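Inspection log for the structure reproduced underneath, given as structure tokens.
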Amino acid sequence: MLKIQMKKILVPLDGSKNSLRGLENAIYLARQCGAVLSGIFVVPIQTRDSIQKIGIFKKIIPKEVETIMNSAKTKAAENGIVFKHSIVGGEVKESIIDFAENEKNGIDLIVMGSRGAGDAATYFGSVAKAIMQKASTPVLIVK
């Protein structure tokens with residue numbers, strides 16, 4: 001039997017039903033492995049000018065983002081799982097991959113919904129597909 005040690009599971013969240021399904025599955029896996037969950041919400045910042053203003057983006061983030069993350073933290077805690085979250089700015093796909101592959105974050109698995117709450121391209125799964133194809137970290141896509 002092959003045993004894979006998972007200590008940290010990354011869950012990209014955007015408030016969509018599919019991202020919450022991803023969270024539920026990540027909680028289940030974390031319970032089985034004794035892992036910690038890392039939630040990430042990416043605020044889309046696409047232009048060079050807006051990236052330079054990244055220091056102020058937390059001041060203008062809608063309260064819904066904090067609500068989404070606090071709800072996820074509560075759901076994880078109800079299941080005995082530690083949940084830490086990050087809110088980052090940037091291009092969604094690249095930001096998730098960069099976070100997952102940054103050694104200091106120690107991510108062992110990405111668990112995410114197949115479709116998010118973003119624009120039309122996101123509804124067709126382009127974010128999940130890109131992460132699955134480009135990330136070197138293992139990815140579990142939840143429908």
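Lys63 - would you say it is modelled with pLDDT under 90 and closer than 22 Å to Gly106 by Cβ?
Numbers: modelled with pLDDT under 90: yes; closer than 22 Å to Gly106 by Cβ: no.
For Lys63, the condition - modelled with pLDDT under 90 and closer than 22 Å to Gly106 by Cβ - is not met.
What are the residue pairs meeting all of these: first residue in region 60-89, first residue without any contact (Cβ under 8 Å) to a residue 24 or more places away in the chain and under 16 Å from Ser19 (Cβ atoms), second residue surrounded by 11 or more Cβ atoms within 10 Å (Cβ to Cβ) and among the β-branched types (Val, Ile, Thr), Cβ atoms under 9 Å, and 6 or more apart or on different chains?
Glu66/Ile87
Of all residues in region 89-111, which are crowded, with 17+ Cβ neighbours inside 10 Å, at pLDDT below 95 and not in a helix (DSSP H, G or I)?
Once the filter is applied, which keeps residues that are crowded, with 17+ Cβ neighbours inside 10 Å, at pLDDT below 95 and not in a helix (DSSP H, G or I), region 89-111 yields Gly89, Gly90.
Would you say Lys75 is in a strand (DSSP E or B), at pLDDT 95 or above, in contact with a Leu (Cβ under 8 Å, 6 or more places away or on another chain) and surrounded by fewer than 17 Cβ atoms within 10 Å (Cβ to Cβ)? Break it down stepwise before answering.
Details: in a strand (DSSP E or B): no; at pLDDT 95 or above: yes; in contact with a Leu (Cβ under 8 Å, 6 or more places away or on another chain): yes; surrounded by fewer than 17 Cβ atoms within 10 Å (Cβ to Cβ): yes.
For Lys75, the condition - in a strand (DSSP E or B), at pLDDT 95 or above, in contact with a Leu (Cβ under 8 Å, 6 or more places away or on another chain) and surrounded by fewer than 17 Cβ atoms within 10 Å (Cβ to Cβ) - is not met.
The values are calculated or read from the model by the stated rules, or taken from the named source; none is laboratory data. All values reported here derive from a predicted model rather than from experimental measurement. Don't worry about glycine lacking a Cβ; one is built from the backbone with ideal geometry, like all the others, and counts go over all protein chains shown.
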